[in-house]
Amino acid sequence: MGVEERFEYWFGPSGQFGQCIKCFGCRDACPICYCKDCYLEADRGRVAGGEIPPDAMFPMIRTVHVMDSCVNCGQCQDACPMELPLSRLLFMLSRELGQMFKYEPGMDASAPPPLRTVTDEELMVEGVELAL
Ligand code: SF4
Ligand code: SF4
């Protein structure tokens, strides 16, 4: 898929994330999700409480937080009651970032994931800024 088609597939009016019921199953099942105070919770002020489907910040935050360290275990996808193809997205991103930064998630506990250590210059890839 091209960029626009991908965006439509995930975020469009009938896209995958529009079916999310915000059950937190994907987050709770993920073995590499470790924040004590999760930004997906309403009291962190990033995602409104009681909104179903949640707005795009919900999947965006979750995706950005794990996309450089996803080990493709598939547990998020297995846990999703709406059967969203979550590990397909996360592993694709993780694999692309791993190739860019020569990093293999899950292999060395002492090596921080690339987005922890990346410089502003490294975030510029072929003119596309990855960081917001
Ligand atoms: S596939 Fe990746 S994002 Fe999904 S639960 Fe496993 S490690 Fe977490
Ligand atoms: S497991 Fe599926 S339905 Fe539940 S919050 Fe995650 S994406 Fe949404």
Q) Who wins for biggest fluctuation among Arg88, Arg27, Arg62 in a Gaussian network model of the chain, springs between alpha carbons below 10 Å? A) Arg88
Q) Of Leu40, Val64, Met1, whose Cα points farthest to the positive end of the dipole of the chain (charges on the beta-carbon: +1 Lys, Arg; -1 Asp, Glu; origin at the Cα centre)? A) Leu40
Q: Name every cysteine in the chain that ends up alone, with no second cysteine's Cβ under 4.7 Å, or say none.
A: Cys20, Cys23, Cys35, Cys38, Cys70, Cys73, Cys80
**Q.** GluC sites (Glu not before Pro) lying in DSSP loop within the stretch 80-121, provided at most 16 other Cβ fall within 10 Å
**A.** Glu83, Glu121
Q: Jot down the per residue volume, in cubic angstrom and as a whole number, of the convex hull over the alpha-carbon atoms of the stretch 15-105.
A: 92
Q. Helix 86-101 versus the longest principal axis of the chain: what is the Cα-based angle in degrees, 0 to 90, to the nearest 10?
A. 20
Q | Computed magnitude of the charge dipole of the stretch 15-105 (debye, nearest 20; Cβ of K, R +1, Cβ of D, E -1) | A | 140
Q: Before anything else, pin down the relative contact order of the stretch 15-105: Cα pairs under 8 Å, at least 6 apart, normalised by residue count, whole percent.
A: 30
Q: Mind pulling the angle between the C-alpha long axis of helix 57-66 and the longest principal axis of the chain? Nearest 10 degrees, somewhere in 0 to 90.
A: 30
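FYI, it's all coordinate maths here, none of it is from the lab. On a predicted model such as this, the values are computed, not experimentally measured, just so you know. Cβ coordinates were reconstructed from backbone atoms using ideal geometry, including for glycine residues, and neighbour counts include every protein chain displayed.
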